[in-house]
Every structure is written in structure tokens, then in C-alpha cells.
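The block underneath contains the structure these notes are about, expressed in C-alpha cells.
The values are calculated or read from the model by the stated rules, or taken from the named source; none is laboratory data. This one's a predicted model, so the numbers in the text were calculated from it and none came from an experiment. All Cβ positions, even for glycine, are placed from backbone atoms using ideal geometry, and neighbour counts span all protein chains on display. The accessibility values were calculated without ligands, DNA or RNA, using every heavy atom of the protein model including side chains. Shrake-Rupley method; radii C 1.70, N 1.55, O 1.52, S 1.80 Å.
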Amino acid sequence: MCGIIAGVAQRNILPILLEGLKRLEYRGYDSAGLAVIDRHAIVRKRALGKVKELEGLLEAEPVSGLVGIAHTRWATHGAPSTENAHPHVSRDQIAVVHNGIIENHEQLKISQLARGHVFTSETDTEVIAHEFYDALQVTGCLLEAVKLAIKKFEGAFALGVISVSEPDTLIACRKGSPLVIGVGIEEYFIASDVAALLPVTQRFIFLEDGDIAELKINQVKLCDTEGRVIERPIKKSQLTVDAVDKGDYRHYMLKEIYEQPLALSQVLEGRFIKQRLNENALGYNASLIFDTIKSVQLLACGTSYHAGMVAQYWFEELAGIPCRVEVASEFRYRQPILPENTLIISISQSGETADTLAALLEAKKIGARYSIAVCNVPESSLVRESDLALMTRAGPEIGVASTKAFTSQLATLMLLVIAIGRRFKLTKLAEEKITSQLFSLPASIKKVLELDGEIKKLSEDFSEKQHALFLGRGAHYPIAMEGALKLKEISYIHAEAYPAGELKHGPLALIDAEMPVITVAPNNSLLEKLKSNIHEVSARGGQLIVFMDESLTPVPDLNIKIIKVPQIGVENELSPIVYTIPLQLLAYHVAVLKGTDVDQPRNLAKSVTVE
């Protein structure tokens, strides 16, 4: 959700803050604001809407400063409005930006009202500013005031704090929400995401949960939750500024769809020796861990949950190991019972998804011995909390609707299926077949991307539609779910997915000429069953769109539109990855046709770092 950027520098901080906000806008875009210290006073500017609105305000009313904080908001407490936009200020002395949720804010507010504080917003964040102000009156030191006040906060937070009492200082702290420090030349910055700071540095300190940092122009001081001075290593990021630019593409989402062949090549790079998976590349002691496990538990949310659903089919059908997959937010609250020697696999693009992280911690608490994070961000909380981390290597994904991260997750999960399956059902011959398909994926997906023009024309059929139904069988049912999710996320068309075998159990009642039905029809053992479902829809006048294996010969039908999907060297095992691509393109072109904000759909944010 919300994005934070702040810094202390020997130059005007405004251009850095604005550029950082633009790069963080995928995290939230209901409103944006910033505050700087200028002539020992806090100057604050806020605007409803996207960062460009704030930028326009600053062009009309320029401000400058060497120390500043900025924020782009995704609303949780309080509607999107200028009054609710960050930063929040207490008595013109303290300014705060916040990502997360203060769960006990109502109790704190009652106490603060009794002490004479005046509230100007509906947010939970304003109580933070007032607590810091009161603590500063006691301690006389901004760092000590933050240490004292945060003991009262229940919930998750990442914070940037400035005060006129110490105009050369920026305080940062985190608990449950990500925050990094960017290390420049006699200047320091903080941000929710490395990508926001790439224009100014590639050197970063990754704050741990509970860390508090005091940043000045020429030094940074770190403390832990107990107030002890600590050190964290400085790491150089491999990301570059160009990696998070749109280039010649109209939208980030389209760019990321077309980056999938490269992303899938990166999943495989260095993990095979002579076309055989090298388990040592999966992490230190990976082989020893795999030797001990007897079942697998997958935990994820959203698109990552769909990846886990596909992987469940693979683990049980190909590897022959018991596997369960569960929405992380449900797992953490239902008092789960884990079989002995269960491997926990948590899946998250950002590695900061609050429910997935909490579910992992709950699994460890109830006795899970080993855990693996399948993640795209090496320095994330999920990676640090897991015994092993298998990076998806998809590169930065800016579009809110996940594309290349999803297919990279699937390919990465197949590596685990191979490694674990060796100890159960997977034969050497079957492993060689799957490996061959993995290496054929990039070329196969390049070929599927050639369908773009045909799918763009097909999207015109959706211009007036309000509902859509997606059908799939077996491992393609989660792909149908992912297709429905993409369409609803960015085009705002209500879309549902069903296992095709459930069609007679209710959804068939919805079928008419106004309800497009999208099916994926790979050439596998369930094809004949799917064909009968297709005929059921057609017989009722439903508009059918079938993404079909190019080797099949369709029966002519006026109600059916066929898109033939090429699969170069990829067969049933990995066909879910291939069939994902046309559904992504369909959602993209429908959204463009409807004129929605493709990269930043309403009400959604890229990383859900709170419940």
C-alpha cells in the first residue's frame, strides 16, 4: 500500500522527493503530499489524486529544503481527501509520513483529545504525530521521543519523522512494513522500495523489524527495539534506473507481459548443470531439507495464491507428495494443524504481503521445521524469515496487475516440484521431459505473444459487457481464476472463474448472449470433458471464446470464437504457464478499450502490507 520517500541532503530535496513519489505511485495513488523544513518551519503541500496533482501545486507554489518527507497514499482510515493526505503535522512542530495501520488509534485519540490536541483528519496516522510531539516535550530529543512514543503503538508501521526542533535530522523506523535507507555521498534517504531511490543511489541498508534510524547529512545511527546501537550492512542493488522505466510501451503492464520470455530464462539461469537441476542452486542445505519432508503446505494471497493452486496439482500429480494450498489470511486465523515434517512454501512477489508473512510466522510457531520463500525481492521480510529463499528473478514489476511475477512464480515452483519429486514419484525420464519443457518456455511464450493483434481485435466484443465467466479444468482452473482476476482488476468487468465440471451446479443459469464465457482448452486428458461443457454453453446461446491448443481441430459453431495457442516444445505439464499469456493480453486490451487506468486500477495497490 502507501509509499514513503524522505531524505537529508546538501541540495534541494524537492526534485528527489517528487521523482521518488512517481516511482512509488504503484503502491498508492489516492493522494500525495510532502513536507520540508525551510527556515526552521515545516512547509507542507498536499493534493488529492495522483502525484502529478501535487507536482502542479508545487509549480504554482514552489518550496525548497534540505530535509523532507513525502508520501503517496492508498486509503485505509479515512476517505481519499486533501485533509487525509500525508504528511500529518502536530502543532507545526512535528511532521510524519506513515505506511501501515495503528490498530489502537481510537484509544490514543481519546487520550490526546483530553490533552488538548486538535485533529484535522480521519486518519490513524495523526495520532502518531501527536504522540511524537508529547514525547518530544519530555525527552527534548527527537530520536528519544520516537523511541518512547512507538512503545504505545499497536499494529504495523513504517515511519519518516521530521521536527523543527532538529531541522537537520530525519528519523525512520519500521515494524511490519518495509523501509530501506539509501546511502548517498554525505546524504541519506529512506523509501518503501529500492526502486524509488535508484536515481540517487544503488547502495542500501535494509532495516529489520523494530529498527530505528537517525539520519543526518553526514551520518546514520541505527538502534534496535531496546535502544541499543546496532549496525546493518550496506548492500549494492543490482537494479538500475532503466529497469523501472516504461520504455516504448504504453503501459508498464504491457511491457511486463512482453518481458516474460526473458524473466523465465532468468528463472532457469545457473540452476541447471547439463540440463539437470542442481539442488545446490536452491539454497544451502536444500537437499538435506528435502530429504526430511513428507508433505507441503503452500501459503499465498491473490495472484500468488493462484500460482500455489497450480503448484498443488504439480506436487501431487508429478512429485507424488501430499500438498495443501491455502489463502494466507485464512490459514493464520483458523488454528491449523500441520502434519509432521511439513515444508512451508510461502509465495509473494514483494515479500512484504502482511497476511502471508503472518501465516509463515504462525506456521513456525505451531511447529513447522522448514520454510521456503518463493519471492521476487531478495531483501524482503518474507525472505529473511524463511530458512530458504528461491528468488523468481522477474525484475521490478510496477503494474499493479501481476503478470511476469506470476509466470516466474510458476516456473520457480516447478523447480521445487522437480527437486522434491526426486524423493517421491518423479522418475528420471519424467524429470528430463519437464526440464526440456522449462527450457522451451521462453520461445513458446514469444510465439504466443504474436497473438496480440488477434486478441486485441477480440477485446472489442467486451466493450459493452458487464460480466464474464472463465472455465478451466485441472491445473487450468487456477489459470481461469487468474484470467478472471486480471479482467476484473483492470477493466472493472465482473468476472468469475469456475471449474468446468461445476458448470451444471449453478453457473449455467447465468449463460445468455450477454455473458462471454472464456475457456482454456489444452490438449490433455480432460479435453473431452471440457468439450461437453463448451457445447452446453453454446446450446444456450452463450458467447464462447476458446483458447485452444493449435493441434486441435475445432467443430464449426457460430457461437464459438477460437484462438489457437501455439505450444513449442511445451506439453501438458507446463501448459498452464503458456495459457496464462493470452488471458493477460485479453484483460489488458479490454481495459485499454474501456479507458481505465491499466497500471494503477482504482482502489488497488501493488503490495498489500496490512491486513
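Quick notes on this one:
- Exclusive hit being touching a residue at least 40 places away in the same chain (Cβ under 8 Å), over 23 Å from residue 181 (Cα atoms) and not acidic (Asp, Glu), set 58, 66: 58
- Note on region 177-189: residues that are farther than 19 Å from residue 100 by Cα and assigned to a strand (DSSP E or B) total 4.
- Residues being crowded, with 24+ Cβ neighbours inside 10 Å and aromatic (Phe, Trp, Tyr) - total across region 315-357: 2
The rows are residues; the columns are (1) more than 24 Å from residue 181 (Cα to Cα); (2) touching a helix residue (DSSP H, G or I) at 6+ places or on another chain (Cβ under 8 Å); (3) part of a strand (DSSP E or B).
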site	(1), (2), (3)
4	no, yes, yes
11	no, no, no
20	no, yes, no
23	no, yes, no
35	no, no, yes
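Each row is one residue, and each column tells you yes or no for (1) part of a helix (DSSP H, G or I); (2) under 25 Å from residue 262 (Cα atoms); (3) not charged (D, E, K, R).
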site	(1), (2), (3)
411	yes, yes, yes
415	yes, yes, yes
423	no, no, no
432	yes, yes, no
436	yes, yes, yes
440	yes, yes, yes
445	yes, yes, yes
448	yes, yes, yes
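- Members of region 71-119 that are touching a Cys at 6+ places or on another chain (Cβ under 6 Å) and basic (Lys, Arg): 73
- Residue match in region 425-436 (condition: open to solvent by less than 10 Å² (accessible area, probe 1.4 Å), among the hydrophobic types (A, V, I, L, M, F, W, C) and farther than 29 Å from residue 271 by Cα): no
- Which listed residue, of 257, 273, is more than 21 Å from residue 497 (Cα to Cα), open to solvent by 40 Å² or more (accessible area, probe 1.4 Å) and aliphatic (A, V, I, L, M): 273
- Scanning region 128-167 for residues that are farther than 17 Å from residue 108 by Cα, surrounded by fewer than 23 Cβ atoms within 10 Å (Cβ to Cβ), in contact (Cβ under 8 Å) with a residue 60 or more places away in the chain and not aliphatic (A, V, I, L, M) returns 165, 167.
- Residues located in region 240-254, provided they are loosely packed, with under 13 Cβ neighbours inside 10 Å, part of a loop (DSSP other than H, G, I, E, B), at negative phi and modelled with pLDDT under 85: 240, 248
- Residue that is surrounded by the most Cβ atoms within 10 Å (Cβ to Cβ), among those in region 77-109 that are among the β-branched types (Val, Ile, Thr) and modelled with pLDDT of 95 or more: 97
- Top-ranked residue of region 325-369 - restricted to ones that are of a type in the set (D, E, K, R) and out of contact with any helix residue (DSSP H, G or I) (no Cβ under 6 Å at 6 or more places or on another chain), ranked as farthest from residue 2 (Cα to Cα): 340
- Taking region 69-176 and the helices (runs of 4 or more DSSP H) fully enclosed by it, the elements with 1 or more residues that are of a type outside the set (Gly, Ala, Ser) and in contact with an Asp or Glu (Cβ under 8 Å, 6 or more places away or on another chain) are at 105-114, 142-149.
- Any hit, region 225-233, residues being assigned to a helix (DSSP H, G or I) and at pLDDT 85 or above: no
- Pick from region 547-583, criterion modelled with pLDDT under 85 and of a type in the set (A, V, I, L, M, F, W, C), ranking: surrounded by the most Cβ atoms within 10 Å (Cβ to Cβ): 570
- Residue that is nearest to residue 142 (Cα to Cα), among those in region 54-76 that are hydroxyl-bearing (Ser, Thr, Tyr) and open to solvent by 20 Å² or more (accessible area, probe 1.4 Å): 64
- Top-ranked residue in region 368-391 [being open to solvent by 20 Å² or more (accessible area, probe 1.4 Å) and in a strand (DSSP E or B); ranked as modelled with the highest pLDDT]: 370
- Sole exception among (1) open to solvent by less than 70 Å² (accessible area, probe 1.4 Å); (2) out of contact with any Phe, Trp or Tyr (no Cβ under 8 Å at 6 or more places or on another chain); (3) among the polar types (S, T, N, Q) for residue 237, by number: (2)
- Contact map, region 572-595: first residue over 17 Å from residue 439 (Cα atoms) and touching a residue at least 12 places away in the same chain (Cβ under 8 Å), second residue open to solvent by 10 Å² or more (accessible area, probe 1.4 Å) and of a type in the set (Lys, Arg), Cβ cut-off under 7 Å, separation 6 or more or different chains; pairs are 589/456.
- Flag for residue 457 being charged (D, E, K, R), at pLDDT 90 or above and either more than 30 Å from residue 318 (Cα to Cα) or part of a helix (DSSP H, G or I) (or both): yes
- For region 21-39, the count of residues that are surrounded by fewer than 21 Cβ atoms within 10 Å (Cβ to Cβ) and without any contact (Cβ under 8 Å) to a residue 12 or more places away in the chain is at least one.
- Scanning region 80-92 for any residue that is closer than 24 Å to residue 224 by Cβ and of a type in the set (S, T, N, Q) turns up nothing.
- Flag for residue 411 being touching a residue at least 60 places away in the same chain (Cβ under 8 Å) and open to solvent by 20 Å² or more (accessible area, probe 1.4 Å): no
- Checking 530, 586 one by one, the residue that is modelled with pLDDT under 65 and either assigned to a helix (DSSP H, G or I) or more than 30 Å from residue 24 (Cα to Cα) (or both) is 530 and no other.
- Those residues of region 438-477 which are small (Gly, Ala, Ser) and either in contact with a strand residue (DSSP E or B) (Cβ under 7 Å, 6 or more places away or on another chain) or open to solvent by 10 Å² or more (accessible area, probe 1.4 Å) (or both), in sequence order: 440, 443, 453, 463, 468, 472, 474, 475
- Lone unmet requirement of (1) open to solvent by less than 10 Å² (accessible area, probe 1.4 Å); (2) at pLDDT below 95; (3) under 17 Å from residue 307 (Cα atoms) for residue 417: (2)
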